[in-house]
1. Can you name the residue in region 42-75 that is part of a loop (DSSP other than H, G, I, E, B) and of a type in the set (G, A, S) and, of all such residues, is nearest to A168 (Cα to Cα)?
2. One residue is enough: does region 160-169 have a residue meeting the conditions part of a loop (DSSP other than H, G, I, E, B) and crowded, with 17+ Cβ neighbours inside 10 Å?
3. Name the single residue, out of those in region 191-224 being among the charged types (D, E, K, R) and touching a residue at least 40 places away in the same chain (Cβ under 8 Å), that is surrounded by the most Cβ atoms within 10 Å (Cβ to Cβ).
4. Mind checking whether some residue in region 142-150 is surrounded by fewer than 12 Cβ atoms within 10 Å (Cβ to Cβ) and of a type outside the set (F, W, Y)?
5. Among the residues of region 112-141, how many are among the small types (G, A, S), in a strand (DSSP E or B) and surrounded by 19 or more Cβ atoms within 10 Å (Cβ to Cβ)?
6. Do you know which residues across region 61-72 are surrounded by 10 or more Cβ atoms within 10 Å (Cβ to Cβ) and either closer than 22 Å to R207 by Cα or not hydroxyl-bearing (S, T, Y) (or both)?
7. Could you list, in sequence order, the residues of region 101-127 that are over 20 Å from P196 (Cα atoms) and either aromatic (F, W, Y) or under 17 Å from the mean Cα position of the chain (by Cα) (or both)?
8. Restricting to region 76-111, count the residues that are buried (at least 16 other Cβ atoms within 10 Å of the Cβ) and not in a loop (DSSP other than H, G, I, E, B).
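No lab work stands behind these numbers, since they all come straight from the coordinates. Note that the structure is predicted; figures quoted are calculated from it, not measured. Backbone-built Cβ (ideal geometry, glycine too); neighbour counts: all protein chains shown.
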Amino acid sequence: MRLLRRTLALAFVVLSLTLSSCASLDSLELSRVPDANAAPSTNTAAQRADYSKALDLLADIDIKGRAPKTGYEREKFSKGWKDPDHNGCDARNDILGRDLVDVKYKSKAKQCVVLSGIFHDPYTGTTINFVRGQNTSTAVQIDHVVALSDAWQKGAQKWSKEERFEFANDPLNLMASDGPTNSSKSDKDAASWLPPNKSFRCEYVSRQTQVKAKYGAWMTKAEHDTIERLLTSCTK
């Protein structure tokens, strides 16, 4: 069953990575519990089909209580950003290069280290002028869509070292995001945090579902119910 989940999830990862949203920010109350019934007013046929597939994946994800956080350390997933695809660039720079536009690299010959770019943040609907530097790089952070700590409490304690490494550096589970918003999210799941930009919530919970299905992580009932309500509304 776990192999089937990973196969189904991988079948439409490419489609999901192409979806994006730049709608206006509806709220700046980042710490509030999100409205799980809020969704975009319209989705394209392709998006609705994608969210329907996510619902199918969701149906096979186990529902359990959250395990203790005992023993969690970020280093048990990956010591910093690595280069799992062996393209010579670490995962952070790969994601910056993927998610930013008008990107400028440190070297024209080797497009790897991102020096600057324009970031249209899907979590807030705002635009950030990213500039690499000691005091500026944190304006754009790389979010684990499914937080490492959340995964640890929902199955990852029993994963192999290789599985946790893949999870921490998987492009499916990585997104550039506004720094303060990423900090506000912390390790919360969908039951307690959703992007303040409501028009991106369908894509966000779809990605979370794909990631958890791919790696066999479970969900709490509250998390599952929140995602199910959202994805159901997203398919209409």
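1. Looking at residues that are part of a loop (DSSP other than H, G, I, E, B) and of a type in the set (G, A, S), I get G71.
2. no
3. Once the filter is applied, the top-ranked residue is K212.
4. No: zero hits.
5. Going through region 112-141 one residue at a time, the tally reaches 1.
6. Within region 61-72, I61, D62, I63, K64, R66, A67, K69 qualify.
7. Y105
8. Residues meeting the conditions: 11.
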